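A.B. asks: Below is a structure I'd like to ask you about.
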Amino acid sequence: MGELVITQVEATYINAIYTDVRELGNLHRILRNWSSLSDHHLGEPEQARLNLAFLIPEMGNPPVRLYVGVETAQRLDEQPQVLLTLMVRGRPTGESIGSALEFMDQAHGHIVNSFTELSPTSMHSLWKRTR
């Protein structure tokens, strides 16, 4: 069958945030430093979707990126929710399982740090974030 060669690694964290249907467009409740749009002539949006991409220097073989996504969804019981997704994707420094695991450890660190930096501290206690 040949030797296993790893050329791409991805680590993804998805946080399902249950919310009132009236809150689906309020990104300022989920993302730090995001401004409310309440002064818009139509008020807050009904729903909101956002995608961000950050280059991660000095990790793996460039380019390695952190992708952040916010989108609305619905649970099976039809309750509204917002999905906050953080994903690191890229090529590890080597093609071995060891290199892939090292990449995953670094990716995990970037995801945890980014979640902390992007989300408002007021939500950390609500989400029971401990560290």
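The values are calculated or read from the model by the stated rules, or taken from the named source; none is laboratory data. Since this is a predicted model, take the numbers as computed values, not measurements. Every residue, glycine among them, receives a Cβ derived from its backbone with ideal geometry; neighbour counts consider all protein chains shown. Surface accessibility is based on the protein's heavy atoms, side chains included, excluding ligands, DNA and RNA. Shrake-Rupley method; radii C 1.70, N 1.55, O 1.52, S 1.80 Å.
A.B. asks: For the chain, what's the relative contact order in percent, using C-alpha pairs closer than 8 Å and at least 6 residues apart?
C.D. replies: Result for the chain is 31 percent.
A.B. asks: Tell me, what is the per residue accessible area of the chain in Å², probe radius 1.4 Å?
C.D. replies: Each residue of the chain exposes 68 Å² on average to a 1.4 Å probe.
A.B. asks: Specify the inter-centroid distance of segment 83-131 and segment 1-71, based on alpha-carbon positions, in whole Å.
C.D. replies: 12
A.B. asks: Hey, another quick one. Binning at 5 angstrom from zero up to the longest distance, how are the C-alpha pair distances of segment 27-69 distributed in percent?
C.D. replies: 5, 17, 20, 17, 12, 11, 8, 6, 4, 0
A.B. asks: Looking at segment 42-131, which GluC sites (Glu not before Pro) are in a loop (DSSP not H, G, I, E or B) and have at most 12 other Cβ atoms within 10 Å?
C.D. replies: 46, 58, 78
A.B. asks: Measuring from label point to label point, each 7 Å out along Cα→Cβ, what is the residue 4 to residue 39 span in nm?
C.D. replies: Output for this residue pair reads 5.5 nm.
A.B. asks: Shifting gears a bit: Quick one: with all protein chains in place, what share of the accessible area of the chain is carbon or sulfur, to the nearest percent (1.4 Å probe)?
C.D. replies: 52
A.B. asks: Quick one, can you get me the convex hull of the C-alpha atoms of the chain expressed as volume per residue in Å³?
C.D. replies: So the per-residue Cα hull volume is 144 Å³.
A.B. asks: What residues of segment 43-84 lie in the reach of a label at residue 113, counting those whose backbone N is under 17 Å from a point 7 Å from the Cα along Cα→Cβ?
C.D. replies: Only 53-62, 64-68 fall inside the zone, counting backbone N under 17 Å.
A.B. asks: May I ask which residue of 45, 8, 74 lies farthest towards the positive end of the charge dipole of the chain, with charges of +1 (Lys, Arg) and -1 (Asp, Glu) on Cβ and the Cα centre as origin?
C.D. replies: Highest projection toward the positive end goes to 45.
A.B. asks: Let me ask something additional. Per DSSP H run of n ≥ 4, the term is -39500 (n - 2.57); total these for the chain, divide by its residue number, and report the mean residue ellipticity at 222 nm rounded to 500 deg cm²/dmol.
C.D. replies: Rounded to the nearest 500, it is -7000 deg cm²/dmol.
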